[in-house]
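Engineer: I'd like to ask you about the structure that follows.
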Amino acid sequence: MALASDKQANEENELMLALPKERGLYGGPYLHLFQDFWCPSFYFQGVINFQKHFLAKDNDVFVASFPKSGTTWLKALTFVIVNHQRFSSFENHPLLSSNPHELVSSPEFILSHDLHDQLLSLSNMTEPRLFSTHLPFSSLPKTITESNCKIIYICRNPFDTFVSAWEFSTKIKSVSLPALTFEEAFEKFCNGISGFGPWWSHMLGYWNESKTRPDKVLFLKYEDLKEDTVFHVKRMVKFLGSSVTREEEGTTVIENMINLCRFEKMKDLEVNQSGYIHNIAEKKNFFRKGKIGDWINYFSPSMIEKFSKIIEEKLSGSGLSF
Ligand code: A3P
């Protein structure tokens, strides 16, 4: 297998520097317009390596999301379901001692360094392998879209997604540049400029695929998952195959799975109260309020009007609405 040489890495860095660039919401890294999405600088090399070198297996499972849409929750739920046979005890479960981001990693992040070793450890992972990604559907490696592996996507009302991203950005370790104001960040979000955005094409890419290939992509909304968790977790179980048998579905197994991943439960775990993910974001900041509709406390009437119009316009005719 051809591995990225220093020369290749330099060429890729030059490619990144030649792309249109914008300040990202998180104050520090720039975003580069690559393959029609805004790729954060610190992911760029990893995205290219992911596209070039990752080899999907038919039984792989991917959790896909636009950042701040409920990735942490979906990672936890999918991890419990996928590993149900392996970790059947809810009293002694890995989710009680590890953060979901430590249990489910993103190839676009881990393949940004030590490529050879990382590829080796990916190929040796226990199967079924579970990964996450923030890449838009159109930029996923062909090996994922063309194999039989499954994708569960979560999206969220763009108002709440923006507020969650904004709050997160005020707590993340900033790199040199002064932070954006709420209004500046909002303008960028309205124009689709945020990590892995535009948010509308991100959602629509997976939405359209879930309509044409419902066995390939399961499309979830954070709000629906909150409002009827049992129903949607059962959908996940069904979509992923027989990790939970039909007899067990009738018992408390599904309830136990949901309880393990409950916002309050996860937020209070010692493991989620200190330490960092990727040395950038504090684990506790992945658990803020976990509510629907917190956005109402942030926007002026004119912002609400403007953003509502954008949402309607961008999603019009797709069948997707919030
Ligand atoms: P808020 O900032 O609105 O509270 P992501 O995981 O994609 O970064 O998204 C983070 C959002 O999901 C945050 O929303 C966070 O509080 C919420 N969240 C994290 N864990 C959750 C859980 N177990 N259940 C519901 N929401 C959760």
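Engineer: What number of residues within segment 68-83 satisfy the criterion of being open to solvent by less than 20 Å² (accessible area, probe 1.4 Å) and in a loop (DSSP other than H, G, I, E, B)?
Structural biologist: So the answer is 3.
Engineer: For residues that are within 11 Å of the ligand (Cβ to nearest atom), out of contact with any strand residue (DSSP E or B) (no Cβ under 8 Å at 6 or more places or on another chain) and charged (D, E, K, R), tally how many sit in segment 68-96.
Structural biologist: 1
Engineer: Yes or no: segment 38-53 includes at least one residue that is assigned to a loop (DSSP other than H, G, I, E, B), touching a residue at least 12 places away in the same chain (Cβ under 8 Å) and surrounded by fewer than 19 Cβ atoms within 10 Å (Cβ to Cβ).
Structural biologist: no
Engineer: Starting from residues that are near the ligand (Cβ under 9 Å from one of its atoms) and assigned to a loop (DSSP other than H, G, I, E, B), keep the ones in segment 257-302 and report whichever is surrounded by the fewest Cβ atoms within 10 Å (Cβ to Cβ).
Structural biologist: By that ranking, first place goes to Lys291.
Engineer: Return the residue satisfying two criteria in turn: it lies in segment 54-67 and is in contact with a helix residue (DSSP H, G or I) (Cβ under 8 Å, 6 or more places away or on another chain) and more than 16 Å from the ligand (Cβ to nearest atom), and of such residues it is most open to solvent (accessible area, probe 1.4 Å).
Structural biologist: The initial filter retains those residues of segment 54-67 that are in contact with a helix residue (DSSP H, G or I) (Cβ under 8 Å, 6 or more places away or on another chain), namely 54-56, 60-67.
This time we only want the ones that are more than 16 Å from the ligand (Cβ to nearest atom), so: 54-56, 60-61.
Numbers: Phe54: 10, Leu55: 119, Ala56: 22, Asp60: 1, Val61: 11 Å².
That would be Leu55.
Engineer: Please name all residue pairs, on different chains or six or more residues apart, with Cβ atoms under 9 Å, provided the first residue is in segment 157-171 and is modelled with pLDDT under 95 and of a type in the set (S, T, N, Q) and the second residue is open to solvent by less than 10 Å² (accessible area, probe 1.4 Å) and more than 10 Å from the ligand (Cβ to nearest atom).
Structural biologist: Short answer, once both residue conditions are applied: Ser169/Gly24; Ser169/Gly27; Ser169/Ala185; Thr170/Gly27.
Engineer: Ok, one more. Phe182 - would you say it is over 22 Å from Thr133 (Cα atoms) and open to solvent by 20 Å² or more (accessible area, probe 1.4 Å)? Step through it out loud before you land on a result.
Structural biologist: Values: over 22 Å from Thr133 (Cα atoms): yes; open to solvent by 20 Å² or more (accessible area, probe 1.4 Å): yes.
Judged against the criteria, Phe182 is a match.
Engineer: Taking the conditions exactly as written (at pLDDT below 95, outside any loop (DSSP other than H, G, I, E, B) and surrounded by 15 or more Cβ atoms within 10 Å (Cβ to Cβ)), does Ile254 satisfy them or not?
Structural biologist: Values: at pLDDT below 95: yes; outside any loop (DSSP other than H, G, I, E, B): yes; surrounded by 15 or more Cβ atoms within 10 Å (Cβ to Cβ): yes.
Yes: the conditions hold for Ile254.
The values are calculated or read from the model by the stated rules, or taken from the named source; none is laboratory data. What you see is a predicted model, and the numbers here were worked out from it, not measured in a lab. Every residue, glycine as well, gets a Cβ built from its backbone with ideal geometry; the counts of neighbours run over all protein chains shown. To get the accessible areas, we keep the full protein, side chains included, count just its heavy atoms, and leave off ligands, DNA and RNA. Shrake-Rupley method; radii C 1.70, N 1.55, O 1.52, S 1.80 Å.
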